[in-house]
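See structure below.
Since every read-out is calculated from the coordinates, none of them should be taken as a lab result. Source: prediction; values computed, not measured. Here the Cβ positions follow ideal geometry from the backbone for every residue, glycine too, while neighbour counts run over all protein chains shown.
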């Protein structure tokens with residue numbers, strides 16, 4: 001799989017994740033509250049990866065399936081981490097994150113290092129979610145489409 005194909009697959013996953021997550025947030029957050037954000041993120045990553053895995057299955061199957069999927073997964077995880085960092089750094093989103101943490105934990109006495117550590121854990125959790133669920137979706141999607149017979 002060429003690097004251009006990997007970039008196109010990652011861009012496709014990112015766009016589909018964004019569109020799906022917007023819809024799923026509207027569905028799950030009113031019902032589940034803060035937990036709906038996590039469910040929407042996981043489901044959108046899984047479904048978007050499944051779709052892209054199916055669409056790019058023939059390119060993925062050209063070479064080593066694991067190598068092609070791994071390159072897409074790693075690049076998508078980097079993109080996902082950058083998006084998470086941009087969200088965390090957004091001054092409009094930070095109060096919402098702090099409010100959510102205040103509901104879960106007593107955060108009134110936290111130092112700046114405590115906040116940094118908490119945000120690093122959020123970043124690490126999002127990276128793990130991107131790695132695991134995009135791999136599962138891409139692998140399953142690429143298995144759904146049978147290779148062309150020569």
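To the nearest ten degrees, helix 94-104 and the longest principal axis of the Cα atoms of the chain are 80 degrees apart. Against the chain, whose longest principal axis comes from its Cα atoms, helix 3-32 is set at around 40 degrees. Among 120, 28, 87, sorting on how many other beta-carbon atoms sit within 10 Å of each Cβ, with the fewest leading, yields 120, 87, 28.
Potential lengthening of the chain between residue 15 and residue 83 amounts to 23.3 nm, from the contour at 0.36 nm per residue minus the alpha-carbon distance. Here the gap between residue 38 and residue 103, fully extended at 0.36 nm per residue and compared with their Cα-Cα distance, gives a gain of 21.8 nm. Taking the C-alpha atoms only, the angle from helix 65-89 to the longest principal axis of the chain is near 20 degrees. Model label points for residue 136 and residue 121, set 7 angstrom from Cα along the Cα-to-Cβ axis, are 2.3 nm apart.
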